[in-house]
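The values are calculated or read from the model by the stated rules, or taken from the named source; none is laboratory data. Here the structure is a predicted model, which is why all the values come from computation and not from measurement. Counting neighbours? That spans all protein chains shown, and the Cβs are built from the backbone with ideal geometry, glycine included.
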Amino acid sequence: MPEQPPGQRVRNFDEVPLGYDAEAAMAEASRCLQCRRPLCVDGCPVRVKIPEFVRLVAEGRFSEAARKIKETNAFPAICGRVCPQESQCELKCVLGKRGEPVAIGRLERFVADWALQHGKIQAPELPPPTGYSVGVVGSGPGGLACAADLAMRGHDVTIYELFHAAGGVLRYGIPRFRLPREVLEAELEYLAKLGVTIRLNFVVGRTATLDDLMEDHDAIFVATGAGLPRFLGIEGENLLGVYSANEFLTRVNLMRADRFPEYHTPVHCGDQVVVVGGGNVAMDAARTARRLGAENVTVVYRRTRAEMPARTEEVVHAEEEGVRFGFLASPTALNGDDDGWVCSMTCQRMELGEPDASGRRRPMPIEGSEYEIACDTAIVAIGSRAHPLVPETTPDLELSTRGYIAIDDSGATSKEGVFAGGDIVTGAATVIEAMGAGRRAADSIHRYLTSERPTDEDG
Amino acid sequence: MHEIVAREEIAKDTWRYIVRAPEIARQRRAGQFVVLRVYEKGERFPLTVVSSDPDEGTIELIFQAVGTSTRMLAKMDVGVEILDLAGPLGRPTHIEHFGTCAVLGGGFGMAPVIPIATALAEAGNTLIGINGARSREYVILEERFRQICDRVEICTDDGSYGHRGFVTDVLQRLIDAGEQIDYVLAIGPTPMMRAVAELTRPYGIRTVVSLNPIMVDGTGMCGGCRVEVAGEVKFACVDGPEFDAHQVDFDMLMKRQRMYSEMEGEARKMFEPHSTPLCCCKEGGHDNNRGKDEAAADARAASRPAGA
């Protein structure tokens, strides 16, 4: 797929992959073997009807292909861009055993973009209203997916979002060069067409508690995510110029600090930036720093490239854009100058030992191997924790370890009528996994609402 | 939905707004704040909720028009809706019957002092109010303070009103005179809060401060407002904004408050509508990221729009 050349794209926030044209999409789609038992669908957390839509693309029937995807995935323009297809549908593609799998993600993106550009997105015919009302806490991928599914079944859905704009991590976390905001806006418009209401600036746990919401709704889905940034817990972490990736990205993505002072929220991005972490968020922060003008951007990761949780595509893109990698290194201190600004990071070299619980080889420090990296900005991208507001203000909501919400197989929490899913249950994971959880919860909520259950009057 | 229903200028560039926000009015307790954004390109900035009227569904906000967003807010008339308003945020103040409480407001810090003093008085505490300001025209909310407190001492740096000196001088004199003080609340510019903490430390008087670090989301998601309290990192927005004054690392707080001063200074130069260096107009300034040096920090005595 054609891409913006690296030298050009580090000077803008436009999307990097430029997308297929119709001819390229049809050619790619015609490679699909149309397996009778399509394994690709098993690899998809929301079970998109992949062979069907790919065949429609091969035949040039793009708007039908768009409708086919929308049957199971309300947000293909997002998923086609941010899903880790290489470890999901494309990993299972039979063609991948001997060569390149069908580029399912790129085809999904093509179809979704085509439909957006040609105004072919119509809300499906909705069933008559059921009279049930569902509150969804959080407008990130999990909340959006759940809301869409419930609305398509005739339930009245209200989403509560604490920020002034909807989308959760799709808004504040993922940079526009990976997910253009027009795409997000279009997907949100689609949700509005389904009749979903979004209440912005509504902080559940503060503006109203979950118990308050229960008075207005028959069921609740909690999808508040893992929004609380983790820090390293090392000396110097509160120096000026040290950010959580959440803050750095929020300033740029949500508040548009890249356009300071036209937009009034500033961000400090020096010339020498060190990013700690090996996930997609670390790649997003590093690539954003390059676009803000940082000359030297180094990603420090305690294992090797092979263990990086980031998608290969993101790592390659980062490398192409001049981001450097310091593998097998772990920060032990951040050092400051007289004014309190960070000026360097002390790292310790690591070696890989025995596999740990995650199956990855555990990094072990090498004694006496400390070295310093000069930096004027440091970004900590080592993951996040459960957002605490809902658990803290809902006393009878059972938690699992580390403050995440405990659910059963159906997605139900310990509290009657309250379901949960996404990062607030699993800890930080991917957009599509959260969407999958949202869709499964929507199924359970639908069953819960429409099955016989004792009413309040029955005691 | 967040309509301005009343407004008045209570002192020069200091405004009191009544804003419709029924849900916030219902939930809000002393010590909590809201985060606002007043136009599409504006910052998110915190303001203390000074009072609320659950029956009317309104909240009271007091701010100084010193940065771009607050100046813009000050131009918004009755009937206009505020673009974004979220809250109430932060932990409510821990209120109990302590006995005699000294409540200290430094300059604009009086605005966040009022709701907490009100709650302390309602819990049956005896209140000694101490209000400090640079000079007479910076003394705000005096009448209201007198109504809440059992007695009020006022001091100004230049002696133009009340005692000449700082709030710490007044507090020290009370302690020296044998006044039994069980609890101290101090809100104002960071150097003032630090000075109060140092004063009460040897006496072991429980002392609470409300911190105003730089915030973005106000809900715990960015960590920009992190402060060190008793050697531990806390987020002022969700763990605070009030903390035990004797445990706060004020040095770090002051440094972090100045993180963007240089960038903002440059932005100000670009946008400065007046060229004279003496002009006090702060067009282009940023409401929750203020001050560059001690002088600017002092100016915050009078400019504490970030009540949190």
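Observations on the structure shown:
- The one condition in (1) within 24 Å of residue A:419 (Cβ to Cβ); (2) facing chain B (nearest Cβ under 10 Å); (3) touching a residue at least 24 places away in the same chain (Cβ under 8 Å); (4) not hydroxyl-bearing (Ser, Thr, Tyr) that residue A:212 fails to fulfil: (3)
Yes/no per residue for (1) modelled with pLDDT under 95; (2) more than 14 Å from chain B (Cβ to nearest Cβ); (3) touching a Cys at 6+ places or on another chain (Cβ under 9 Å):
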{"position": "A:257", "(1), (2), (3)": "no, no, yes"}
{"position": "A:267", "(1), (2), (3)": "no, no, no"}
{"position": "A:289", "(1), (2), (3)": "no, yes, yes"}
{"position": "A:305", "(1), (2), (3)": "yes, yes, no"}
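- Qualifying residue in region A:110-124 (condition: at pLDDT below 95, more than 18 Å from residue A:218 (Cα to Cα), in a helix (DSSP H, G or I) and of a type in the set (Asp, Glu)): yes
- Restricting attention to region A:4-38 and to residues that are acidic (Asp, Glu) and within 25 Å of the chain's Cα centre (by Cα), the residue that is surrounded by the most Cβ atoms within 10 Å (Cβ to Cβ) turns out to be A:15.
- Residues (within 7 Å of chain B (Cβ to nearest Cβ) and within 18 Å of residue A:281 (Cα to Cα)) located in region A:227-252: A:227, A:228, A:229, A:231, A:244, A:246, A:247, A:250, A:251
- Restricting attention to region B:111-138, the residues being touching a residue at least 40 places away in the same chain (Cβ under 8 Å) and part of a loop (DSSP other than H, G, I, E, B) number 2.
- Some residue of region B:193-211 being hydroxyl-bearing (Ser, Thr, Tyr), touching a Phe, Trp or Tyr at 6+ places or on another chain (Cβ under 9 Å) and more than 14 Å from chain A (Cβ to nearest Cβ): yes
- Filter pass, residue A:161 being more than 9 Å from chain B (Cβ to nearest Cβ), crowded, with 22+ Cβ neighbours inside 10 Å and at pLDDT 95 or above: yes
- Selection from region B:33-51 of residues that are buried (at least 24 other Cβ atoms within 10 Å of the Cβ) and polar (S, T, N, Q): B:48
- Qualifying residue in region B:125-135 (condition: within 14 Å of chain A (Cβ to nearest Cβ) and under 15 Å from the mean Cα position of the chain (by Cα)): no
- Here residue A:84 passes the criteria (1) surrounded by 21 or more Cβ atoms within 10 Å (Cβ to Cβ); (2) touching a helix residue (DSSP H, G or I) at 6+ places or on another chain (Cβ under 6 Å); (3) modelled with pLDDT under 95 except the one numbered (2).
- Taking the criterion of being over 26 Å from the mean Cα position of the chain (by Cα) and exposed (fewer than 10 other Cβ atoms within 10 Å of the Cβ), the residues of region A:352-368 that qualify are A:354, A:367, A:368.
- Screening region A:364-435 for strands (runs of 3 or more DSSP E) wholly inside it with 3 or more residues that are in the same structural domain as residue A:204 (by TED's automatic domain parsing), out of contact with any Asp or Glu (no Cβ under 6 Å at 6 or more places or on another chain) and of a type outside the set (Ser, Thr, Tyr) returns the ranges A:418-420.
- Some residue of region B:60-76 being surrounded by fewer than 22 Cβ atoms within 10 Å (Cβ to Cβ), of a type in the set (Val, Ile, Thr) and away from chain A (no Cβ under 14 Å): no
- Hey, residue A:342 of a type outside the set (Gly, Ala, Ser), surrounded by 20 or more Cβ atoms within 10 Å (Cβ to Cβ) and not assigned by TED's automatic domain parsing to the domain that holds residue A:90 or not: yes
- When B:98, B:108, B:145 are checked against the criterion of being in a loop (DSSP other than H, G, I, E, B), aromatic (Phe, Trp, Tyr) and more than 14 Å from every other protein chain (Cβ to nearest Cβ), B:98 stands alone in meeting it.
The rows are residues; the columns are (1) surrounded by 21 or more Cβ atoms within 10 Å (Cβ to Cβ); (2) in contact with a His (Cβ under 8 Å, 6 or more places away or on another chain); (3) at pLDDT 85 or above; (4) away from chain A (no Cβ under 13 Å).
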residue: B:222; (1), (2), (3), (4): yes, no, yes, no
residue: B:228; (1), (2), (3), (4): no, no, yes, no
residue: B:235; (1), (2), (3), (4): yes, no, yes, no
residue: B:238; (1), (2), (3), (4): yes, no, yes, no
residue: B:249; (1), (2), (3), (4): no, no, yes, no
residue: B:257; (1), (2), (3), (4): yes, no, yes, no
residue: B:271; (1), (2), (3), (4): no, no, no, no
residue: B:281; (1), (2), (3), (4): no, yes, no, yes
residue: B:295; (1), (2), (3), (4): no, no, no, yes
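- Qualifying residue in region A:383-390 (condition: of a type outside the set (Lys, Arg), touching a helix residue (DSSP H, G or I) at 6+ places or on another chain (Cβ under 7 Å) and more than 14 Å from chain B (Cβ to nearest Cβ)): no
- Members of region B:23-57 that are in a strand (DSSP E or B) and either within 10 Å of chain A (Cβ to nearest Cβ) or more than 17 Å from the chain's Cα centre (by Cα) (or both): B:34, B:35, B:36, B:37, B:45, B:53
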